[in-house]
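Okay, so here's the structure we're looking at.
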Amino acid sequence: MIKVNVEKLKKNLENKLKEEESKGAAKDPTKSPILKPFGPGKINFRAIPYLHNEDPTNDPFVERYYHYKFGGTFYCPKENDGQQCALCDYAWQEYNKVKPTGNKDLMKAALDKTAQKHVFVAGVIRGREAEGVKLLKFKTGKRKMSENHEKIWGWFLNKSTENWMDYENGYDMILNYKEPSAGQKKLFNNAPAFLNDIDLDRDRTSLGDKETVKKYFETTPNIDELYEPTDTAKSIEMLEKHFEYLKRSAVSTAAAETASNESSDDSSDLEVSGEELDDQKATMDKLKALLG
Ligand SMILES: [Zn+2]
(Lines give C-alpha, C1' and ligand atoms only; values in the text may rest on other atoms or scores of the structure.)
Protein backbone atom coordinates (compact mmCIF):
# COMPACT_ATOMS: atom_id res chain seq x y z
CA MET A 1 0.00 0.00 0.00
CA ILE A 2 1.22 3.48 -0.76
CA LYS A 3 2.06 5.44 2.35
CA VAL A 4 1.65 9.17 2.31
CA ASN A 5 4.57 11.09 3.74
CA VAL A 6 2.66 13.75 5.62
CA GLU A 7 5.70 15.89 6.39
CA LYS A 8 6.72 15.96 2.74
CA LEU A 9 3.16 16.60 1.68
CA LYS A 10 2.89 19.58 4.02
CA LYS A 11 6.11 21.03 2.70
CA ASN A 12 4.83 20.51 -0.82
CA LEU A 13 1.60 22.31 -0.10
CA GLU A 14 3.48 25.13 1.57
CA ASN A 15 5.62 25.60 -1.53
CA LYS A 16 2.58 25.51 -3.77
CA LEU A 17 0.87 28.21 -1.73
CA LYS A 18 4.01 30.35 -1.75
CA GLU A 19 4.26 30.01 -5.48
CA GLU A 20 0.65 31.05 -5.92
CA GLU A 21 1.18 34.01 -3.66
CA SER A 22 4.21 35.23 -5.60
CA LYS A 23 2.30 34.83 -8.86
CA GLY A 24 -0.48 36.95 -7.38
CA ALA A 25 2.04 39.58 -6.30
CA ALA A 26 3.49 39.72 -9.79
CA LYS A 27 0.02 40.49 -11.14
CA ASP A 28 -0.74 43.14 -8.55
CA PRO A 29 0.46 46.48 -10.01
CA THR A 30 0.93 48.00 -6.55
CA LYS A 31 3.49 45.33 -5.63
CA SER A 32 5.52 45.41 -8.82
CA PRO A 33 8.84 47.33 -8.78
CA ILE A 34 8.25 47.98 -12.49
CA LEU A 35 5.64 50.70 -13.02
CA LYS A 36 2.32 49.11 -13.99
CA PRO A 37 -0.77 51.20 -14.72
CA PHE A 38 -4.18 50.14 -13.42
CA GLY A 39 -5.68 50.98 -16.79
CA PRO A 40 -5.73 53.60 -19.56
CA GLY A 41 -5.28 57.25 -18.59
CA LYS A 42 -2.60 59.68 -17.47
CA ILE A 43 -0.09 59.08 -14.68
CA ASN A 44 2.02 61.82 -13.09
CA PHE A 45 5.45 60.35 -12.49
CA ARG A 46 8.32 62.18 -10.83
CA ALA A 47 11.65 60.88 -12.06
CA ILE A 48 14.74 60.65 -9.86
CA PRO A 49 18.29 59.80 -10.99
CA TYR A 50 18.95 56.05 -10.85
CA LEU A 51 20.84 55.49 -7.60
CA HIS A 52 22.65 52.32 -8.70
CA ASN A 53 24.52 53.89 -11.62
CA GLU A 54 28.14 54.77 -10.98
CA ASP A 55 27.41 58.48 -11.40
CA PRO A 56 23.64 59.03 -11.33
CA THR A 57 23.98 62.79 -11.76
CA ASN A 58 25.63 62.33 -15.16
CA ASP A 59 23.88 59.11 -16.01
CA PRO A 60 20.33 59.28 -14.63
CA PHE A 61 18.71 56.37 -16.53
CA VAL A 62 19.47 52.66 -16.98
CA GLU A 63 19.55 50.76 -20.24
CA ARG A 64 19.50 46.98 -20.41
CA TYR A 65 19.08 44.26 -23.02
CA TYR A 66 16.90 41.26 -22.25
CA HIS A 67 15.54 38.22 -24.08
CA TYR A 68 11.83 37.75 -23.49
CA LYS A 69 10.90 34.81 -25.69
CA PHE A 70 12.58 32.05 -23.74
CA GLY A 71 10.13 31.65 -20.90
CA GLY A 72 11.05 34.69 -18.82
CA THR A 73 13.17 37.83 -18.75
CA PHE A 74 16.80 36.92 -19.41
CA TYR A 75 19.73 39.30 -19.17
CA CYS A 76 21.71 39.16 -22.43
CA PRO A 77 25.45 38.69 -21.75
CA LYS A 78 26.31 39.76 -25.30
CA GLU A 79 24.50 43.07 -25.67
CA ASN A 80 25.03 44.08 -22.04
CA ASP A 81 28.58 42.87 -21.48
CA GLY A 82 30.06 41.89 -24.83
CA GLN A 83 30.26 38.17 -24.03
CA GLN A 84 28.93 35.45 -26.27
CA CYS A 85 25.23 34.68 -25.84
CA ALA A 86 23.66 31.39 -26.93
CA LEU A 87 20.20 32.97 -27.13
CA CYS A 88 21.47 35.69 -29.51
CA ASP A 89 23.28 33.12 -31.65
CA TYR A 90 20.17 30.99 -31.84
CA ALA A 91 17.84 33.93 -32.61
CA TRP A 92 20.07 35.31 -35.38
CA GLN A 93 20.54 31.85 -36.85
CA GLU A 94 16.74 31.51 -36.99
CA TYR A 95 16.49 34.93 -38.59
CA ASN A 96 19.05 34.14 -41.28
CA LYS A 97 17.25 30.90 -42.00
CA VAL A 98 13.84 32.51 -42.60
CA LYS A 99 15.09 35.71 -44.24
CA PRO A 100 15.41 34.20 -47.74
CA THR A 101 11.72 33.17 -47.60
CA GLY A 102 10.76 36.86 -47.31
CA ASN A 103 8.03 35.81 -44.86
CA LYS A 104 7.58 38.91 -42.68
CA ASP A 105 5.85 37.05 -39.82
CA LEU A 106 8.61 34.47 -39.53
CA MET A 107 11.26 37.19 -39.73
CA LYS A 108 9.54 39.16 -36.98
CA ALA A 109 9.18 36.07 -34.78
CA ALA A 110 12.92 35.46 -35.11
CA LEU A 111 13.80 39.11 -34.41
CA ASP A 112 11.56 39.03 -31.32
CA LYS A 113 13.86 36.35 -29.94
CA THR A 114 16.91 38.62 -30.18
CA ALA A 115 17.79 40.81 -27.18
CA GLN A 116 15.44 43.79 -26.77
CA LYS A 117 16.71 47.10 -25.46
CA HIS A 118 14.79 48.92 -22.74
CA VAL A 119 15.26 52.13 -20.78
CA PHE A 120 14.34 52.30 -17.10
CA VAL A 121 13.55 55.58 -15.36
CA ALA A 122 13.32 55.53 -11.56
CA GLY A 123 10.66 57.65 -9.91
CA VAL A 124 7.54 57.98 -7.83
CA ILE A 125 3.93 57.76 -9.00
CA ARG A 126 1.91 60.73 -7.76
CA GLY A 127 -0.98 59.46 -5.68
CA ARG A 128 0.71 56.07 -5.30
CA GLU A 129 3.72 57.30 -3.27
CA ALA A 130 3.15 54.64 -0.60
CA GLU A 131 4.14 51.95 -3.13
CA GLY A 132 7.67 53.36 -3.13
CA VAL A 133 10.05 53.98 -6.01
CA LYS A 134 9.12 52.35 -9.32
CA LEU A 135 11.02 51.78 -12.52
CA LEU A 136 9.28 53.09 -15.61
CA LYS A 137 10.24 50.80 -18.47
CA PHE A 138 10.00 51.52 -22.17
CA LYS A 139 11.48 50.28 -25.38
CA THR A 140 14.27 51.91 -27.31
CA GLY A 141 16.29 50.99 -30.38
CA LYS A 142 19.71 49.42 -30.53
CA ARG A 143 21.08 51.93 -33.00
CA LYS A 144 18.55 54.73 -32.75
CA MET A 145 16.75 55.95 -29.64
CA SER A 146 12.98 55.54 -29.53
CA GLU A 147 10.89 58.70 -29.54
CA ASN A 148 10.28 58.48 -25.77
CA HIS A 149 13.96 57.87 -25.12
CA GLU A 150 14.89 60.93 -27.18
CA LYS A 151 12.38 63.01 -25.25
CA ILE A 152 13.78 62.33 -21.77
CA TRP A 153 17.26 63.38 -22.94
CA GLY A 154 15.87 66.28 -24.97
CA TRP A 155 14.36 67.91 -21.89
CA PHE A 156 17.88 68.38 -20.50
CA LEU A 157 18.90 70.21 -23.66
CA ASN A 158 16.04 72.70 -23.53
CA LYS A 159 16.81 75.82 -21.42
CA SER A 160 13.33 76.01 -19.89
CA THR A 161 13.22 72.35 -18.86
CA GLU A 162 16.90 71.51 -18.30
CA ASN A 163 16.40 71.00 -14.56
CA TRP A 164 13.22 68.92 -14.98
CA MET A 165 14.61 66.26 -12.62
CA ASP A 166 15.22 68.75 -9.79
CA TYR A 167 13.37 67.34 -6.78
CA GLU A 168 12.51 70.75 -5.35
CA ASN A 169 11.51 72.66 -8.43
CA GLY A 170 11.31 70.27 -11.38
CA TYR A 171 8.56 68.81 -13.51
CA ASP A 172 6.54 65.61 -13.28
CA MET A 173 6.50 63.39 -16.31
CA ILE A 174 3.04 62.80 -17.75
CA LEU A 175 2.69 59.20 -18.86
CA ASN A 176 -0.16 58.64 -21.27
CA TYR A 177 -1.48 55.07 -21.20
CA LYS A 178 -3.85 53.75 -23.83
CA GLU A 179 -6.05 50.71 -23.98
CA PRO A 180 -4.80 48.10 -26.44
CA SER A 181 -7.20 47.28 -29.25
CA ALA A 182 -8.44 43.69 -29.54
CA GLY A 183 -5.71 43.05 -32.09
CA GLN A 184 -2.99 44.56 -29.88
CA LYS A 185 -3.88 42.63 -26.69
CA LYS A 186 -1.46 39.79 -27.33
CA LEU A 187 1.29 42.24 -28.28
CA PHE A 188 1.05 43.80 -24.81
CA ASN A 189 0.72 40.49 -22.92
CA ASN A 190 -2.89 41.26 -22.02
CA ALA A 191 -1.81 44.30 -19.96
CA PRO A 192 -4.77 46.68 -19.33
CA ALA A 193 -2.90 49.59 -20.96
CA PHE A 194 0.30 50.44 -22.79
CA LEU A 195 2.51 53.54 -22.67
CA ASN A 196 1.56 55.56 -25.72
CA ASP A 197 3.62 58.72 -25.15
CA ILE A 198 5.28 60.81 -22.47
CA ASP A 199 5.47 64.52 -21.81
CA LEU A 200 6.34 67.00 -19.09
CA ASP A 201 3.80 68.61 -16.79
CA ARG A 202 3.17 72.34 -17.27
CA ASP A 203 3.87 73.43 -13.72
CA ARG A 204 6.95 73.06 -11.59
CA THR A 205 6.43 71.12 -8.37
CA SER A 206 8.36 69.65 -5.47
CA LEU A 207 8.77 65.92 -4.90
CA GLY A 208 8.83 66.37 -1.13
CA ASP A 209 11.07 67.49 1.70
CA LYS A 210 14.72 66.47 1.86
CA GLU A 211 14.09 63.59 4.24
CA THR A 212 11.36 62.08 2.04
CA VAL A 213 13.39 62.43 -1.14
CA LYS A 214 16.43 60.89 0.54
CA LYS A 215 14.30 57.90 1.51
CA TYR A 216 13.08 57.58 -2.09
CA PHE A 217 16.65 57.56 -3.40
CA GLU A 218 17.78 54.97 -0.91
CA THR A 219 14.96 52.57 -1.73
CA THR A 220 15.37 52.66 -5.53
CA PRO A 221 14.95 49.09 -6.86
CA ASN A 222 18.08 47.66 -8.41
CA ILE A 223 17.31 46.38 -11.90
CA ASP A 224 20.14 43.83 -11.67
CA GLU A 225 18.58 42.35 -8.56
CA LEU A 226 15.24 42.04 -10.32
CA TYR A 227 16.76 40.42 -13.42
CA GLU A 228 20.11 39.01 -12.49
CA PRO A 229 23.04 39.44 -14.90
CA THR A 230 24.05 36.23 -16.63
CA ASP A 231 27.05 34.90 -18.53
CA THR A 232 27.64 32.71 -21.58
CA ALA A 233 27.38 29.45 -19.63
CA LYS A 234 24.03 30.50 -18.20
CA SER A 235 22.76 31.47 -21.66
CA ILE A 236 23.54 27.97 -22.91
CA GLU A 237 21.66 26.52 -19.97
CA MET A 238 18.68 28.73 -20.79
CA LEU A 239 18.70 27.67 -24.41
CA GLU A 240 18.86 24.01 -23.40
CA LYS A 241 15.87 24.51 -21.11
CA HIS A 242 14.03 26.20 -23.95
CA PHE A 243 14.68 23.27 -26.28
CA GLU A 244 13.48 20.87 -23.58
CA TYR A 245 10.32 22.91 -23.32
CA LEU A 246 9.84 22.90 -27.09
CA LYS A 247 10.33 19.15 -27.19
CA ARG A 248 7.74 18.62 -24.47
CA SER A 249 5.24 20.95 -26.06
CA ALA A 250 5.81 19.32 -29.47
CA VAL A 251 5.00 15.94 -27.93
CA SER A 252 1.92 17.22 -26.13
CA THR A 253 0.75 19.12 -29.23
CA ALA A 254 1.11 15.98 -31.30
CA ALA A 255 -0.83 13.98 -28.72
CA ALA A 256 -3.57 16.60 -28.55
CA GLU A 257 -3.78 16.70 -32.31
CA THR A 258 -4.21 12.95 -32.53
CA ALA A 259 -6.94 13.11 -29.91
CA SER A 260 -8.96 16.03 -31.17
CA ASN A 261 -7.41 16.78 -34.53
CA GLU A 262 -6.98 20.41 -33.60
CA SER A 263 -4.30 22.48 -31.97
CA SER A 264 -4.54 22.36 -28.15
CA ASP A 265 -4.34 26.09 -27.60
CA ASP A 266 -3.46 29.07 -29.71
CA SER A 267 -1.20 30.65 -27.10
CA SER A 268 1.55 28.16 -27.94
CA ASP A 269 3.32 29.66 -30.89
CA LEU A 270 5.96 27.04 -30.27
CA GLU A 271 4.94 24.23 -32.55
CA VAL A 272 8.07 22.60 -33.84
CA SER A 273 8.81 19.88 -36.31
CA GLY A 274 11.21 17.01 -35.82
CA GLU A 275 13.51 18.65 -38.32
CA GLU A 276 13.62 21.80 -36.22
CA LEU A 277 14.53 19.83 -33.13
CA ASP A 278 17.46 18.30 -35.01
CA ASP A 279 18.52 21.82 -35.96
CA GLN A 280 18.39 22.84 -32.33
CA LYS A 281 20.51 19.93 -31.25
CA ALA A 282 23.09 20.87 -33.87
CA THR A 283 23.07 24.45 -32.59
CA MET A 284 23.72 23.30 -29.03
CA ASP A 285 26.53 20.97 -30.08
CA LYS A 286 28.15 23.77 -32.06
CA LEU A 287 27.90 26.19 -29.16
CA LYS A 288 29.31 23.75 -26.68
CA ALA A 289 32.20 22.94 -28.99
CA LEU A 290 32.90 26.61 -29.42
CA LEU A 291 33.13 27.12 -25.68
CA GLY A 292 35.32 24.06 -25.25
ZN1 LIG B 1 21.68 37.59 -26.02
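The values are calculated or read from the model by the stated rules, or taken from the named source; none is laboratory data. Just so you know, these numbers come straight off a predicted model, no measurement behind them. Cβ placement follows ideal geometry from the backbone for every residue including glycine, while neighbour counts extend to all protein chains displayed.
Details
- Residue check: Gln93 meets all listed conditions (1) in contact with a helix residue (DSSP H, G or I) (Cβ under 7 Å, 6 or more places away or on another chain); (2) crowded, with 19+ Cβ neighbours inside 10 Å but one, namely (2).
- Options Lys104, Lys108, Lys69: the member that is basic (Lys, Arg) and crowded, with 16+ Cβ neighbours inside 10 Å: Lys69
- Residue pairs whose Cβ atoms lie under 7 Å apart, sitting 6 or more positions apart in sequence or on different chains, and linking a residue in the range 109-121 that is over 16 Å from Asn189 (Cα atoms) and more than 11 Å from the ligand (Cβ to nearest atom) to a partner that is assigned to a helix (DSSP H, G or I) and not aliphatic (A, V, I, L, M), are Ala110/Glu94; Ala110/Tyr95; Leu111/Tyr95; Val119/His149.
- Total residues in the range 52-75, condition under 20 Å from the mean Cα position of the chain (by Cα) and more than 13 Å from the ligand (Cβ to nearest atom): 8
- Breaking point among (1) in contact (Cβ under 8 Å) with a residue 40 or more places away in the chain; (2) more than 12 Å from the ligand (Cβ to nearest atom), for Met145: (1)
- Condition met for Leu207 (assigned by TED's automatic domain parsing to the domain that holds Arg64, in a loop (DSSP other than H, G, I, E, B) and at pLDDT 95 or above): yes
- Matching residues in the range 173-205 - criterion: being of a type in the set (Gly, Ala, Ser) and surrounded by 15 or more Cβ atoms within 10 Å (Cβ to Cβ): Ala191, Ala193
- Some residue of the range 126-148 being in contact with a Leu (Cβ under 6 Å, 6 or more places away or on another chain), buried (at least 16 other Cβ atoms within 10 Å of the Cβ) and charged (D, E, K, R): yes
- Checking each residue in the range 222-247 for being within 11 Å of the ligand (Cβ to nearest atom), of a type in the set (Val, Ile, Thr) and in contact with a strand residue (DSSP E or B) (Cβ under 6 Å, 6 or more places away or on another chain) picks out only Thr230.
- Among (1) within 16 Å of the ligand (Cβ to nearest atom); (2) on the phi > 0 side of the Ramachandran plot; (3) outside the structural domain of Pro221 (by TED's automatic domain parsing) - the single one Gly102 does not satisfy: (1)
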